[in-house]
1. State which residue pairs qualify: first residue in the same structural domain as Leu198 (by TED's automatic domain parsing) and without any contact (Cβ under 8 Å) to a residue 60 or more places away in the chain and inside the stretch 117-131, second residue charged (D, E, K, R) and not in a helix (DSSP H, G or I) in any location, beta carbons under 8 Å apart, and separation of 6 or more residues or different chains.
2. Could you check the stretch 1-116 for strands (runs of 3 or more DSSP E) lying wholly inside it with 2 or more residues that are of a type in the set (Val, Ile, Thr), at pLDDT 95 or above and away from the ligand (no atom under 11 Å from the Cβ)?
3. Among Asn211, Asn275, Asn271, which is the only one that is farther than 20 Å from Arg180 by Cβ and in contact with a Pro (Cβ under 6 Å, 6 or more places away or on another chain)?
4. Determine whether Gly64 is within 26 Å of Asp2 (Cα to Cα), buried (at least 24 other Cβ atoms within 10 Å of the Cβ), touching a Lys or Arg at 6+ places or on another chain (Cβ under 6 Å) and outside the structural domain of Val154 (by TED's automatic domain parsing).
5. Restricting attention to the stretch 262-309, which residues are without any contact (Cβ under 8 Å) to a residue 60 or more places away in the chain and among the aromatic types (Phe, Trp, Tyr)?
Amino acid sequence: MDLVLEMEKLGYKGLVRYDVSMKKYSTFKAGGAAKFFAEPMNEDELVQLLYTARGLETDVFILGNGSNVLFADSGFDGLVIKIGKGFSSIDIISKNEDELVIEAGAGALLSTFGNMIANESYEGAEFCCGIPGSVGGAVFMNAGAYGREMKDIVTEVTYIDPKTLNVRTIGNEECDFGYRRSVFEREGYIVIKAVAKLKRGDLSTILNYVNELKNKRTASQPLELPSAGSTFKRPEGHYAGALIEEAGLKGFAIDHSGAQVSAKHAGFIVNVGGNATATDIKRLIDYVSDKVYERCGVRLEPEVRLIGF
Ligand SMILES: Cc1cc2nc3c(=O)[nH]c(=O)nc-3n(C[C@H](O)[C@H](O)[C@H](O)COP(=O)(O)OP(=O)(O)OC[C@H]3O[C@@H](n4cnc5c(N)ncnc54)[C@H](O)[C@@H]3O)c2cc1C
């Protein structure tokens, strides 16, 4: 039975599309098509999709803002569910002279969330302003920058377990956050929303700090080119970018595909011109990883999530 027909039979209000290119949904601007693609508008629609996919034994991939994924050129032979607009509300739960408690849907942009907190004059979420992911993707990855991570601000997360379709809310401790990992990543849970708590601060100090971080990024990262941010995780005791530079690979390209180690920040692989295929990018990822291992004895592990390779 076809997933699209099955969803129609169930009275699903949203659209399930066939053969949707993931190029447009990934900041790398590369990758093949998802066999099925849906963007549920609420929790009920999400559960309906998961229930149907499970019944049809269709693989599911949860997509946030696509800023840390690379889909293979052969695509994804299953259902990609984008957690986007339908889950993008941000609500202030309470605020006073000391602290702000704020809840964000998993589909809200992390930068919108960070900027809203900063403009309300609460500190601690400035690092969120420059990360181009969704709140859900950031919780899943425990995204972080400039010495802070999601684990420092998140107090509660609500998720769906796709195996049981149960919805649960857990506290920070149970999220088991670590460097670019969490219980959601380990168990494949789907983040629906998160609550964060921030301390009151001085508005101009906060906004200056947001600006300072933004300027640092613009000066050091190739933000004008398609990429997924830092391609590799930071190996213990090292910086991936520094090792890649040490291996003589800053600005390196295997061919003219457009896949290139950034000349501005060696930790980023970029897709110059936006025409490199996922295969070109993956070949460069593997090449860099092997060369760094040969020359520095450290094995780099991709931070970008490789789908279908
Ligand atoms: C220019 C640039 C700069 C970046 N800078 C940083 C940085 O400073 N720090 C940093 O940590 N990262 C950075 N990144 C990487 C990326 O933005 C983060 O990892 C971000 O958290 C990914 O969120 P996303 O919504 O785009 O997730 P996606 O790329 O869509 O998905 C990433 C993973 O999260 C899962 N996922 C997404 N949403 C959910 C959900 N609701 N529930 C369960 N699983 C979900 C996906 O299945 C996938 O495995 C950068 C990327 C770019 C392009």
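1. Glu120/Lys95
2. Those strands (runs of 3 or more DSSP E) span 90-95, 99-105.
3. Of the residues listed, the single one that is farther than 20 Å from Arg180 by Cβ and in contact with a Pro (Cβ under 6 Å, 6 or more places away or on another chain) is Asn271.
4. Against the criterion (within 26 Å of Asp2 (Cα to Cα), buried (at least 24 other Cβ atoms within 10 Å of the Cβ), touching a Lys or Arg at 6+ places or on another chain (Cβ under 6 Å) and outside the structural domain of Val154 (by TED's automatic domain parsing)), Gly64 does not qualify.
5. Phe268, Tyr287, Tyr293 - these are the residues of the stretch 262-309 that are without any contact (Cβ under 8 Å) to a residue 60 or more places away in the chain and among the aromatic types (Phe, Trp, Tyr).
Conditions (1) touching a residue at least 24 places away in the same chain (Cβ under 8 Å); (2) in contact with a Leu (Cβ under 8 Å, 6 or more places away or on another chain); (3) surrounded by fewer than 18 Cβ atoms within 10 Å (Cβ to Cβ), marked per residue:
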site: Ser182; (1), (2), (3): yes, no, no
site: Gly188; (1), (2), (3): yes, no, yes
site: Leu225; (1), (2), (3): yes, no, no
site: Ala228; (1), (2), (3): yes, yes, no
site: Glu245; (1), (2), (3): no, no, yes
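Residue by residue, here is whether (1) at positive phi; (2) near the ligand (Cβ under 10 Å from one of its atoms); (3) assigned to a strand (DSSP E or B) holds:
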{"position": "Phe127", "(1), (2), (3)": "no, yes, no"}
{"position": "Thr155", "(1), (2), (3)": "no, no, yes"}
{"position": "Thr164", "(1), (2), (3)": "no, no, no"}
{"position": "Thr169", "(1), (2), (3)": "no, no, yes"}
{"position": "Glu173", "(1), (2), (3)": "no, no, no"}
{"position": "Ala196", "(1), (2), (3)": "no, no, yes"}
{"position": "Ser204", "(1), (2), (3)": "no, no, no"}
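The values are calculated or read from the model by the stated rules, or taken from the named source; none is laboratory data. Everything numeric here is computed off the predicted structure, so don't read it as measured data. Here Cβ is always computed from backbone atoms with ideal geometry, including for glycine, and neighbour counts include all displayed protein chains.
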